[in-house]
Every structure is written in structure tokens, then in C-alpha cells.
Amino acid sequence: MPKDSKSNHKSDPQAGSERSRPILHQHAREIQPYGKLAKLSIALDESVCAEGAENLNQVLADTITLRDLYKKHHWQVAGHTFYQLHLLFDKHYEEQNELVDTIAERIQSLGAISLAMAADVAETTIIPRPPRGREEVPVQISRLLEAHEMVLKEARTMAKQAVDSGDDGTNDLLVSDVIRTNELQVWFISEHLVDVPLVHADAPATEKESFKSKSAGTR
């Protein structure tokens with residue numbers, strides 16, 4: 001090798017590594033715009049796939065919002081039920097997070113594009129935005145129950161549409177995953193709003209009157 005080549009190679013530490021260097025700052029057109037289908041061979045008409053994807057993207061946006069609402073409450077919960085609810089909220093967050101992935105994958109399998117970014121989710125969801133600050137536990141749970149009901153209402157309606165369209169995969173996802181998961185979570189958090197005594201049992205009225213009469217007789 002000529003002396004000049006050797007000296008140039010030593011003076012340039014990147015010489016000979018061009019192929020292994022990352023190619024940065026790349027830009028190009030989208031390969032598939034949002035709202036457009038890339039038809040896949042799943043034996044469903046394009047119109048059915050489009051309808052299913054549009055419905056599922058709405059459920060996806062609301063599920064992401066509900067998931068994040070659980071994480072917010074997980075961090076901000078307070079009071080004597082802090083430990084139980086701190087754990088329960090996080091458990092429900094993880095279950096909703098699994099739903100997010102399942103819904104998004106179904107949208108992609110229909111040949112469509114799933115929502116992904118927070119700004120797009122915020123523009124699409126029908127679940128009201130909560131305040132940034134901490135709220136009392138009953139308010140936190142009420143918000144969650146209202147959000148669950150919104151998801152369940154739309155999931156039931158969309159499941160029926162999927163049946164009518166012959167989209168069995170979307171119907172199965174909505175019924176077996178979205179509806180059943182949300183119904184179970186509603187049960188778990190609803191029980192925390194039942195007004196029951198914490199220490200002394202609330203005796204029936206007849207027992208209270210009997211106790212009062214006995215107490216008066218002993219005086």
C-alpha cells in the first residue's frame with residue numbers, strides 16, 4: 001500500500017466505515033396515509049375492513065385514554081384505601097394496555113392504520129379530559145366508571161355492526177376482550193363506592209330500637 005494511503009487512513013478515523021454509519025435525517029412520503037387501506041387477503045370486502053378499522057380506532061382512542069386515566073389515579077390516589085387502590089388501578093392499567101395492543105393489531109390486520117400518538121388520541125377520544133391535579137377517591141372512581149360505560153356502549157354497538165358485516169374477528173375482539181375486560185373492571189371499582197361501615201356494623205332499625213329500650217330499662 002502506498003505511504004500516502006496509509007497516512008490518510010490513519011488521519012481519518014472514519015475511513016472504511018462508511019457502510020456501518022447510520023444514515024440520519026431521512027424524510028419521505030408516507031407509505032400508507034391514515035384512513036387508507038392496504039387490502040390484505042383476509043376474505044373481507046374493503047368496505048367491511050374500512051368500517052371495522054374506523055370503529056376500532058375510536059375504541060382504541062378511548063381505551064388509551066381510559067388506560068392513562070388509570071395510571072393518573074394510580075399515582076394520585078390518596079386516603080385510607082390508598083394501598084388497595086394504588087395496586088388495583090395499576091392492575092387495571094396493565095389490562096387496558098394489553099387491550100390497546102390487541103385493538104391496534106386488529107386494525108393493522110384489516111389493512112388500516114391504527115392511531116398511535118397522544119395528540120391524535122386526544123383529538124379522537126370522547127372521554128372528557130380530567131384536571132391535572134389530584135382528586136378525591138370517589139371522584140376518581142366516578143370518572144373511571146363513566147369512561148368504562150362510554151367504551152362499553154360503543155363496543156356493543158360496533159360488535160353488532162361487525163356481526164351484520166360478517167367481520168367475525170372484530171366482533172370476537174370487541175365481545176371477548178373489550179366488553180368482558182371492561183365489565184369486570186367496572187365490578188371491581190364499583191364496589192369501592194358502596195357505603196358500608198368500616199368498623200361497627202350498621203344494625204337494622206328494629207335491633208337499634210330494641211337496644212335503645214334495653215338501655216333505657218337499665219337506667
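A few remarks follow.
- Solvent-accessible area per residue for the range 48-154 (1.4 angstrom probe, square angstrom): 48
- J(HN,Hα) series, the range 106-118, from Karplus relation 6.51 cos²θ - 1.76 cosθ + 1.60, nearest Hz, glycine and proline x: 5, 4, 5, 6, 7, x, 9, 10, 8, 4, 9, 8, 4
- Within a Gaussian network of the chain (alpha carbon springs, distance under 10 Å), most fluctuating of Gly16, Gly133, Gly52: Gly16
- Tensor-based shape of the range 26-124 (alpha-carbon gyration tensor, a/c under 1.5 rounded, otherwise prolate or oblate): prolate
- Cα-based shape type of the range 109-166, given that a ≥ b ≥ c are square roots of the gyration tensor eigenvalues and the cut on a/c is 1.5: oblate
- Mean residue ellipticity (222 nm) of the chain, computed from DSSP H runs ≥ 4 via -39,500 (n - 2.57), nearest 500: -20500 deg cm²/dmol
- Taking a ≥ b ≥ c as the square roots of the eigenvalues of the Cα gyration tensor, an a/c ratio of 1.5 or more together with a/b no larger than b/c marks the chain as oblate.
- Check: the chain dipole with +1 on Lys, Arg Cβ and -1 on Asp, Glu Cβ, in debye: 1020
- Comparing Pro131, Pro197, Pro33 in a Gaussian network model of the chain where C-alpha atoms under 10 Å apart are linked, the largest mean-square fluctuation is found at Pro197.
- The fraction of accessible area contributed by carbon and sulfur in the range 1-157 is 53 percent, rounded to a whole number (1.4 Å probe; ligands and nucleic acids excluded).
- List Val163, Val199, Val100, ordered by accessible area with a 1.4 Å probe, largest first: Val199, Val163, Val100
- Cα-based Rg and Dmax for the range 83-138, where Dmax is the largest Cα-Cα distance (Å): 14.7, 43
- Acute angle (nearest 10 degrees) that the helix 205-217 long axis makes with the longest principal axis of the chain, alpha-carbon atoms: 40
The values are calculated or read from the model by the stated rules, or taken from the named source; none is laboratory data. Quick caveat, the model's predicted, so the values are computed rather than measured. As a convention, Cβ positions derive from the backbone with ideal geometry for all residues, glycine included, and neighbour counts pool all protein chains shown. Surface accessibility is based on the protein's heavy atoms, side chains included, excluding ligands, DNA and RNA. Shrake-Rupley method; radii C 1.70, N 1.55, O 1.52, S 1.80 Å.
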